[in-house]
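Each remark here refers to the structure printed beneath this line.
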Amino acid sequence: MKLSPALLYLFMLISPWVVAEESLSDLDLDLDSLMAMDVQVTSAMKRTQSAFETASSIYVLTKEQITRSGVTSVPEALKMVPGLAVRQLDNNQWAISSRGVASRFSSKLLVMIDGQSLYTPEFAAVYWETLNVPLYDIERIEIIRGQGGLLWGSNATNGVINIITKNSIDTRGLYADVSSGSQLNVDTNLRYGGDIGNNGSFRVYGHVKDGQTSDKGIKMAPADFTEQQSAGVRFDFTPNDQWSGLIQGDITQSTLGQNFNGVVDSSNRNISFTGSLDRTDARIMARLENRISPSANQMLQTSWLKQSGEQTYIQEEFESFDLDYQINFLYQDLQFDWGLNYRYNAISFAQSTFIQSGGGFDNLQQYGTLAQAQYNVIADKLDFIVGVKVDHNDLTGWESQPLARLVWKPQNNQVVWLSVSKSVLVPSLLMFNDNYIIDGQRVEEVSPITTGIPEIDRYYIRTYLNGNNKVKSEKSVSYEMGYRLSDTTWALDLSVYHTDTDNVAVIEIDPNIDQFIPVFTMLQAGQIDAAVQALTTTSINFNLVSNAGLTTEGGDVVLSWQPVDNFTAEVGYSYNTFNYDLVDNTFPAIGYDSTSRQLFTKADIHFFEQHNIFASLRVENSDAYRTDNYTALDITWNWAFQPNWAFAIMGKNLFAGTHLEYGNHGETYTQSTFIDESVTFKITAKF
Amino acid sequence: MLTIKRILFGSLITLLLSISQGAIAVEKEYALKAGFLFNFARYGEWNNHANTASSFTLCSPDNSFISVSRSILKGRKVNNLPIENVEVSLTETNLAQCNILFITTDTLESWQQLNNKYLADVMIVGETDNFIEQGGHIRFFLSGGKIRFEVSPDKLKLSGITMSSKVLRLGRVVNN
């Protein structure tokens, strides 16, 4: 995309607002906001310093939005983010992405909890359904749309979601809540936190959820019940002002019902099953932070993740160990960030009826370094940023991801940013290593000649989706531009982007015509039974090849308004197009040419001291998911009827009725269900 | 690209050897701490506060802190009284005018030399280790890069000051 000079001039002209104060004098002196601010001028590891001045398309979901909206899970909270495609498959499973088509098994999105990556290299995805983070202890969720995530990690082509939980010093005391409603038998949380001497603090928490199935399925009665138990702990230590550390861990055990498809017999056709998925997800991480000076800090983080899943035809084990080091410092006009990272993944995927692992990878290692320098060209006006991330992985070797950015502040309350970056998506092991048996192809669909004999023409040939080690990493170059304006009562955040991706993995059909010659010979000899028998030994291969181009472009605009302290409103609009450039005889593996539009409105009203209403309305207009467009309203009324007690009623998916959010069943073996309207009641206690 | 890399890595080594305390960085920490002190003033109750007072006085022996707090708290009021930021030398007569006294790391030594650390009606706040044991009421510390504080409501009470539970809840209460 060409960034037209006319557009730039337009931005330069929009500056009638003059606020000539020094930024520190504008400091919000409210105690809560002071407690949320970092003393460092350098950005802390894997966190943004100032969303306003960040040169990427960022949205911050605040703890107030998360608690007041009445959401009960992280993916549900992400529905509130303009520009994120959040599609619910059933009561447990989700497909989430930004700047692309969301798929359950390929999101190209990096998801982290306090900097710990949850990316599964097997699928390039995240198991949202078993991700347990107590929502009441989330500090904020930072969402970067697009490939702005150099400092955050690899495989963040489409975006970064960083869930930042509260320091345990801020969660001392008892918290308990119980919810129940039309889709939920019970969801209950308990947390207790306290001090450890004068230098530390802790919290322990537990969560139990028992959810019902949806009301309406597509082909089969829904089976998407939820039984989930979690427990976790976090310790924070601050021996002195120079050093601080944290250790946290979580274990979640889930049994989730689902309907799914698989080819398990000689019919070579997808058969629908009802089953359940048992998963145990455990994670632990430790971080040591050192403040070298007020303008320099360094951090060492190590984490371990273990996920095991068992369902009728798939057994998987995944372990990941991460080690990250980062140093950030400011020297005169130059801010410098430098980091090292190492990741070890152990993957075990049992051979099953319809999945075969061919490549022999049972572990993957990745190591690399990143460096980013931000130079203040004109004091408080213009910053220039260059950076590069270089790393090595076992599948495609060395990869480098450079970027260059410009941040211009024409006024103190306005920012214009430009960014050019290259990002790399390493293929998932599924694309590299595995073969899947998929829904069979009919002879008449693939053969150039039809025989007129129904037993032959309508025979379903065994069909494989084959990964292979010639799959390359996808390389994207992204041009982004944004403008932010912040006035006393309202703020505007606008960003546009254009991304070109090469080496996109698509599917090439190999019908292997030669294998049918004996069949035709038998037919000519009149041996129909023998011919049908011979067909059972044939197969068609769908091979992954890295030869497509993909262009995505669009933009997001968010306007927020706070005329008075107790009322906030937000309107957002997002537009994304997704276009493949395919060579002959290939078709897309993930998504297809499509356009998605979203319109958001949110309102948060606090009244009569104890009452709060939070409403969000989403209009989803997209041809990317084989579903109808829908409009959904989520509304929550909170009543703090006692200083320590609160009651809430949450209405979800209102207006939309029973609707389908995801219909791309070719990309997943899960069968989605219709998503229902629901009403939930909740009681919360804090002591 | 290679050239850029060489420059970046080259400058890293130079910079690591010469990390300096940026003025803006110190200013930010003091700005945030001035904000906290403003909230302590708002949520504290000085039991013997004279009704005739014409201002609320924030004192510190550290002039770099006072110049930051002067700009941060400009135009702010506590109980309708304007805030006066005063750089004081630590003598008993001088300190009598203060409502809050903030002892920074750089001025700890002069605090330690002060003989009588009991100051009636003065909230004494510090930022160094063991400051409460050394006669203070509240001590700032950092946790995960953010400012938090320890507070001794008992010691505040001895000086005739009550702190609101809203603030106590956010801090770490120490009683000794």
Inset, instruction - Scan the stretch B:15-56 for residues that are at pLDDT below 50 and at the interface with another protein chain (Cβ under 9 Å from one of its Cβ atoms) and jot them down. - result: B:Leu15, B:Leu16, B:Ser18, B:Ile19, B:Ser20, B:Gln21, B:Gly22
Inset, instruction - Among residues belonging to the stretch A:473-516 that are touching a residue at least 40 places away in the same chain (Cβ under 8 Å) and part of a loop (DSSP other than H, G, I, E, B), point out the one that is farthest from A:Ser400 (Cα to Cα). - result: A:Thr489
Inset, instruction - Consider only pairs whose beta carbons are under 7 Å apart and that are at least six residues apart or on different chains; among these, list those whose first residue lies in the stretch A:236-263 and is at negative phi and whose second residue is of a type in the set (Lys, Arg) and not in a strand (DSSP E or B). - result: A:Val263/A:Arg269
Inset, instruction - Could you tell me whether any residue of the stretch B:80-103 is surrounded by fewer than 20 Cβ atoms within 10 Å (Cβ to Cβ) and within 13 Å of chain A (Cβ to nearest Cβ)? - result: no
Legend entry - Tally, over the stretch A:166-192, of residues that are of a type in the set (Gly, Ala, Ser) and surrounded by 21 or more Cβ atoms within 10 Å (Cβ to Cβ): 1
Inset, instruction - Mind telling me which of the residues B:Arg148, B:Arg172, B:Arg139 ends up being in contact with a strand residue (DSSP E or B) (Cβ under 7 Å, 6 or more places away or on another chain), more than 25 Å from A:Pro643 (Cβ to Cβ) and among the charged types (D, E, K, R)? - result: B:Arg139
Inset, instruction - State whether the residues of the stretch A:346-362 include one that is within 14 Å of another protein chain (Cβ to nearest Cβ) and out of contact with any strand residue (DSSP E or B) (no Cβ under 7 Å at 6 or more places or on another chain). - result: no
Inset, instruction - Mind telling me which of the residues B:Cys98, B:Cys59 ends up being closer than 22 Å to B:Thr128 by Cβ, in a loop (DSSP other than H, G, I, E, B) and in contact with a strand residue (DSSP E or B) (Cβ under 7 Å, 6 or more places away or on another chain)? - result: B:Cys98
Legend entry - Residue check, A:Ile247 β-branched (Val, Ile, Thr), within 14 Å of chain B (Cβ to nearest Cβ) and under 15 Å from B:Gly144 (Cβ atoms): yes
Inset, instruction - Kindly provide the set of residues from the stretch A:263-282 that are crowded, with 17+ Cβ neighbours inside 10 Å, in a strand (DSSP E or B) and out of contact with any Ser or Thr (no Cβ under 7 Å at 6 or more places or on another chain), ordered by number. - result: A:Leu277
Legend entry - Options A:Val160, A:Val186, A:Val204: the member that is part of a strand (DSSP E or B) and closer than 30 Å to A:Thr551 by Cβ: A:Val160
Inset, instruction - Kindly establish whether A:Asp32 is within 10 Å of chain B (Cβ to nearest Cβ) and at pLDDT below 85. - result: no
Inset, instruction - Could you figure out which of (1) within 13 Å of another protein chain (Cβ to nearest Cβ); (2) modelled with pLDDT of 90 or more isn't true of B:Met1? - result: (2)
Inset, instruction - For the stretch A:319-334, enumerate the residues that are surrounded by fewer than 22 Cβ atoms within 10 Å (Cβ to Cβ), at pLDDT below 90 and part of a strand (DSSP E or B). - result: A:Tyr331, A:Leu334
Inset, instruction - Please state which one of A:Gln301, A:Gln311, A:Gln315, A:Gln307 is modelled with pLDDT of 90 or more and away from every other protein chain (no Cβ under 14 Å). - result: A:Gln307
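Among the residues that make up the stretch B:157-165, is at least one of them within 14 Å of another protein chain (Cβ to nearest Cβ) and either within 20 Å of B:Leu58 (Cβ to Cβ) or part of a strand (DSSP E or B) (or both)?
Yes, some residue in the stretch B:157-165 is within 14 Å of another protein chain (Cβ to nearest Cβ) and either within 20 Å of B:Leu58 (Cβ to Cβ) or part of a strand (DSSP E or B) (or both).
Going by the structure shown, is A:Ser423 of a type outside the set (D, E, K, R) and under 30 Å from A:Glu53 (Cα atoms)?
yes
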Legend entry - Filter result for the condition that a residue is more than 14 Å from chain B (Cβ to nearest Cβ) and at pLDDT below 95, over A:Gly275, A:Gly232: A:Gly275
Legend entry - Enumeration of residues in the stretch A:520-540 that are of a type in the set (A, V, I, L, M, F, W, C), buried (at least 17 other Cβ atoms within 10 Å of the Cβ) and in contact (Cβ under 8 Å) with a residue 24 or more places away in the chain: A:Leu523, A:Ala531, A:Leu535, A:Ile540
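If you check A:Ile164 against the conditions, is it closer than 30 Å to A:Ser400 by Cα, of a type in the set (Val, Ile, Thr), within 14 Å of chain B (Cβ to nearest Cβ) and touching a residue at least 24 places away in the same chain (Cβ under 8 Å)?
yes
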Legend entry - Verdict on A:Asp391 being in contact (Cβ under 8 Å) with a residue 24 or more places away in the chain and surrounded by fewer than 15 Cβ atoms within 10 Å (Cβ to Cβ): no
Inset, instruction - Show the residue pairs that are 6+ apart or on different chains and have beta-carbon atoms under 6 Å apart, the first residue being within the stretch B:101-129 and among the polar types (S, T, N, Q), the second being modelled with pLDDT under 90 and assigned to a loop (DSSP other than H, G, I, E, B). - result: B:Ser110/B:Leu90
Legend entry - Residue check, A:Gln365 under 30 Å from A:Val264 (Cβ atoms) and touching a strand residue (DSSP E or B) at 6+ places or on another chain (Cβ under 9 Å): no
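Scan the stretch A:541-561 and give yes if some residue there is without any contact (Cβ under 8 Å) to a residue 40 or more places away in the chain and either under 24 Å from A:Ser57 (Cα atoms) or over 26 Å from the mean Cα position of the chain (by Cα) (or both), otherwise no.
No, the conditions are met nowhere in the stretch A:541-561.
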Legend entry - Residue list for the stretch B:57-67, filter: among the small types (Gly, Ala, Ser) and more than 14 Å from every other protein chain (Cβ to nearest Cβ): B:Ser60
Inset, instruction - Considering every residue within the stretch A:498-513, establish whether at least one is within 30 Å of A:Ile58 (Cα to Cα) and surrounded by fewer than 16 Cβ atoms within 10 Å (Cβ to Cβ). - result: no
Legend entry - Residue count for the stretch A:219-256, restricted to those that are surrounded by fewer than 16 Cβ atoms within 10 Å (Cβ to Cβ) and of a type outside the set (A, V, I, L, M): 7
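The values are calculated or read from the model by the stated rules, or taken from the named source; none is laboratory data. This one's a predicted model, so the numbers in the text were calculated from it and none came from an experiment. Positions of Cβ are generated from backbone atoms using ideal geometry, with glycine treated the same way; all protein chains shown enter the neighbour counts.
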